[in-house]
1. Springs between alpha-carbon pairs under 10 angstrom, Gaussian network model over the chain: which of Tyr98, Tyr199, Tyr217 fluctuates most?
2. Probe radius 1.4 Å, ligands and nucleic acids ignored: give me the carbon and sulfur share of the accessible area of the chain as a rounded percent.
3. Which of the trypsin sites (Lys or Arg not before Pro) across the range 345-381 are loop residues per DSSP, with 15 or fewer other Cβ within 10 Å?
4. Identify, among Val348, Tyr333, Trp315, the residue whose Cα sits farthest towards the positive end of the charge dipole of the range 310-367, taking +1 on the Cβ of Lys and Arg and -1 on the Cβ of Asp and Glu, with the dipole about the Cα centre.
5. Take every Cα pair under 8 Å in the range 201-302 that's 6+ residues apart, average their separations, divide by the length, and report that relative contact order as a whole percent.
6. Could you tally up the Lys pairs in the range 293-369 with alpha carbons closer than 26 Å? Skip any pair fewer than 8 positions apart unless they're on separate chains.
7. Could you tell me which residue out of Gly250, Gly221, Asn240 lies farthest along the dipole of the range 205-260 toward its positive end? Charges go on the beta carbon: Lys and Arg +1, Asp and Glu -1, centred on the Cα centre.
8. Checking the a/c ratio against 1.5 first, then a/b against b/c, what shape does the Cα gyration tensor give for the range 185-313?
Amino acid sequence: MNENHHDSRTNSLAAPPINLTLRQARRFILLKQGLFGAYRYKGKQGVPAFIKNTGCVQYDPVNVCSRSADITLHSRVSGYTKDMLNELLYHDRRLVDYFDKNLSIFPVEDLPVFLDTTLAGGYAEAYDRRGGDAVQKTVPVIRRLIEERGHVCAADVGVDESIVWYWGAMTSLPRAALESMYYRGELIIHHKNGMNKSYAFMKDYVPADILNAALPYQNEGERIAWHVKRRIGAVGMLWNRASDAWLGLGLKAPEREAAFKLLLRRGMILPVSVEGIKEPLFIRQEDEGFINEASSGRAVSARCELLAPLDSFLWDRKLIKTLFGFDYTWEIYTPREKRKFGAYVLPVLYADRLVGRAEIICDRKAKIMHVKNVWYEADIKQTKGLSAALKKSLQRFAALNGCESIGAPFLIP
């Protein structure tokens, strides 16, 4: 199936599309993401509220200037601190870290769907096959230790052996066994100490009524459609074409096409026609209210935010380039000599434009946040308003990281 010609097929199943200008489309996504105007999410309670709105926050352990999940939440939740996420995950258990779009954090009540998905896709079996007999022999050892201690990390297992694991490199056998048990839903992350994870039995920390809850679909087609709708909501607006926004779903083009048709037929998504874009875009029906707000022309205070590399807003890089004229690549895996900017560079949002990108490194021992550089887009004027907003944003970001000063004399007088 040709990936680039879905206009007439998907659009013919729905009511006439909602017509938006390019600027209205940008504001719609930003409003949906909680990135435009006044902060919609505040304090600790704002964290699960935002995550429920988008479905998940993608997690990555790299911590150059905060982990991606913390950067994402900091840009949406007024007064956010890293302790809030830790408490919600490992004390309150309102959130859980598991696999959605790769490693992600999402509401614990969604866990049954993702446990079901790992089984439906054969992913859990694939994990077991990678580990072979060595992992299977280690599993009973881990179970006994957890029964005795309540939770264990790889170092507690006491097995000094390594195997080739799923990323193609050597890792410790206990770590592989723990990850295998975690992936198939036997274990949950009890807590983290830096990069080290301690695991416990999932049944001891997730209520039975959640684990045994009815799934929100009746068959495989509805299961795929559930995930497609969720990913549309995670970005805010998506098209029916190949995209990194679908990563982790294992979708083929016909499956995605069928999911869009089902969702349109049931009125669960709505088509949107955006000025200058030939293909239709789609939003969740429950997000239609943001259309009126995006189209109102109401003046709002211009916010400046630093965005995470794995922010769901940025999952479809081609869409971001089309709507915002901003070409972003996370260059952490790009060889140094081929990088245009830096290994860990954050997009800079100001009002309804992506105005540039910043490379930031935190020296936590010295409590200094170093702003190595800021690159503005060619068409962006560095006004006093933008400079003041960026300065305020950098000061907030330094506070998030426990830094008392900012090393950027060329930026901040």
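The values are calculated or read from the model by the stated rules, or taken from the named source; none is laboratory data. These numbers were taken from a predicted model, which means no experiment stands behind them. For neighbour counting, all protein chains shown are included, and Cβ atoms are generated from backbone atoms with ideal geometry for every residue, glycine included. Each accessible area value is taken on the protein alone, full model and side chains, heavy atoms only, with ligands, DNA and RNA left out. Shrake-Rupley method; radii C 1.70, N 1.55, O 1.52, S 1.80 Å.
1. With Cα springs under 10 Å in the chain, the top fluctuation among Tyr98, Tyr199, Tyr217 is at Tyr217.
2. 51
3. Listed in order of number, the matching sites are Arg364, Lys365, Lys367, Lys381.
4. Positive-most Cα among the choices belongs to Tyr333.
5. Averaging sequence separation for qualifying contacts and normalising by length gives 25 percent for the range 201-302.
6. Value for the range 293-369: 4.
7. Asn240
8. oblate
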